[in-house]
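Report on one structure; see the data block that follows.
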Amino acid sequence: MTIKVKYKSDLDTPCLVLDMDILERNLEMMQAAADGAGKNLRPHVKTHKCSSLALKQIEAGAIGVCVAKVSEADSLVKAGLDNILITGPVVTPGKIERLIDLLGLSPNLMVVVDHPANIELLDTALYTKGLSMGVLLDVDVGLNRTGVRPPDALALAGQIVSRAHLRLRGIQAYAGHVQHIQSYDTRKQSSHRCLEGAVRVFREIRASLPTCTIFSASGTGTFDIVLEVAEISELQVGSYVFMDAEYLAIGSADDDTRFVSFAPALRLLTTVISANHKGFVTVDAGLKSLYKDGGKPQVIIPEDSALVYDWFGDEYGRITSTDNSELPSLGSVLELVTSHCDPTINLFDKYYLTRGQEVVGTWPIDLRGCSQ
Ligand SMILES: Cc1ncc(COP(=O)(O)O)c(C=O)c1O
């Protein structure tokens with residue numbers, strides 16, 4: 001792809017930049033962790049919304065990918081990806097029709113189910129098209145968002161198995177509520193505790209249905225913790241590719257003050273556009289380019305500075321200094337680690353790919369806006 005800019009300093013801001021060396025290290029690190037424990041990796045694409053990066057994850061060794069929505073799966077299938085798991089239930093007739101059309105193009109497509117009415121609707125729709133589909137039972141391990149609680153899971157599994165057009169392939173148990181627990185030890189205990197019920201469910205299903213081999217689980221915050229759970233067959237981690245301020249602040253096995261396993265590959269570049277006040281300067285990235293969720297974005301360049309970002313309306317941010325050191329001058333460009341990567345990415349059309357100071361390409365954020 002021809003690009004007009006050659007160096008990071010030529011980029012117009014605000015924009016998203018991917019440090020490819022860091023990104024590749026993150027991919028290798030997660031793949032090696034999964035491989036070392038005999039687990040598969042099925043990364044969640046909701047984080048980056050980019051088919052080029054999804055292909056890179058497959059090249060690095062992932063067996064497939066996860067998406068949250070049918071429209072995301074649609075874009076990925078068109079980009080040549082296979083083995084896609086939709087991690088949220090698809091329940092309306094219109095969306096089920098879209099799902100089944102996609103299944104015609106991508107027979108390995110799977111979806112989670114968590115309700116008898118959904119099971120019936122899906123099975124009937126598949127019957128009319130003469131197709132069958134692999135499904136995972138979504139087990140709620142305490143996030144209380146989707147899924148069936150463990151005591152009711154076996155009965156629902158029985159309903160899936162009784163349907164001619166659904167193939168029960170296993171379970172999904174995503175413990176989203178424990179991923180950001182600050183203390184590593186507390187996170188570890190909470191993760192093991194909340195997965196106990198799902199492990200029992202999986203064992204029982206597998207005992208009567210040996211073809212049920214998939215136990216898909218985990219976010220980035222518990223990636224190394226779940227490796228100890230023998231029943232888990234694959235990790236559906238997402239944020240590790242980029243990292244964000246929310247994740248960098250939690251403790252890890254080697255350092256309980258910060259997450260050291262993965263480094264921030266995604267940065268947002270923003271320029272000082274006004275410097276007329278004593279205690280702060282104004283930059284060109286506000287709510288429309290930095291989603292406000294979790295902690296504040298971190299100023300990563302200039303390195304080791306005492307600069308702090310805060311939102312300053314839709315279009316602007318405010319930079320202050322915690323130690324009264326000199327503020328960046330008009331026109332300076334700062335690099336920030338985003339507060340929460342997923343929703344921030346959904347605000348942009350592309351990533352600029354960099355190696356050192358050089359811009360080496362771009363990737364479109366082609367799943368942007370695929371929220372249906
Ligand atoms: C169902 C599901 N699985 C996996 C993930 C990935 O989690 P993380 O980004 O913490 O790695 C998410 C993220 O929200 C999710 O909703």
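Just so it is clear, none of the values below were taken in a lab; they were calculated from the coordinates. Predicted model only: the values in this text are computed from it and were never measured. When we count neighbours, we look across all protein chains shown, and the Cβ atoms used for this are built from the backbone with ideal geometry, even at glycine.
Some points to look at:
- Taking every alpha-carbon pair in region 1-89 and binning the separations at 10 Å intervals from zero gives 15, 40, 31, 13, 1 percent.
- For region 283-333, the list of trypsin sites (Lys or Arg not before Pro) that fall in a loop by DSSP and count at most 16 other C-beta atoms within 10 angstrom reads 288, 292.
- Over all other residues within a Cβ to Cβ distance under 10 Å of residue 305, the charged ones net out to -4, with Lys and Arg as +1 and Asp and Glu as -1.
- From phi via Karplus (6.51, -1.76, 1.60), per-residue ³J(HN,Hα) for region 286-302 in Hz, x at Gly/Pro: x, 4, 6, 10, 9, 4, 8, 7, x, x, 6, x, 9, 7, 9, 10, x
- Sorted largest first, extent of region 82-235 alpha carbons per principal axis (Å): 50, 28, 24
- Placed amide H near residue 361: partners under 5 Å, 5+ positions off or other chain: 353
- Mean silhouette area of region 1-157, derived from the convex hull of its C-alpha atoms and averaged over all directions, reads 12.4 nm².
- Applying the Karplus relation 6.51 cos²θ - 1.76 cosθ + 1.60 with θ = phi - 60° to region 321-327 yields 3J(HN,Hα) values of 10, 7, 10, 6, 6, 4, 7 Hz, where x marks Gly and Pro.
- Lysine pair count for region 1-160 with Cα-Cα distance under 17 Å and sequence separation of 8 or more or different chains is 9.
- In the chain, helical runs assigned H by DSSP with n ≥ 4 each contribute -39500 (n - 2.57); averaged across all residues and rounded to the nearest 500, the mean residue ellipticity at 222 nm is -9000 deg cm²/dmol.
- Ratio of Rg to Rh for the chain: 1.01 [Cα atoms; Kirkwood radius as inverse mean 1/r over pairs].
- Rounded to whole Hz, the Karplus (6.51, -1.76, 1.60) HN-Hα couplings of region 149-166, x for glycine and proline: 5, x, x, 9, 6, 5, 4, 5, 4, x, 5, 5, 4, 6, 8, 6, 10, 10
- Summary of the geometry: region 324-363 and region 128-151, compared by the centres of their Cα atoms, lie 38 Å apart.
- For region 101-140, the spread of Cα coordinates along the three principal axes comes to 30, 19, 11 Å, biggest extent given first.
- Taking a straight line from the alpha carbon of residue 296, these lysines sit under 17 Å away, with near neighbours fewer than eight places off in the same chain left out: 288.
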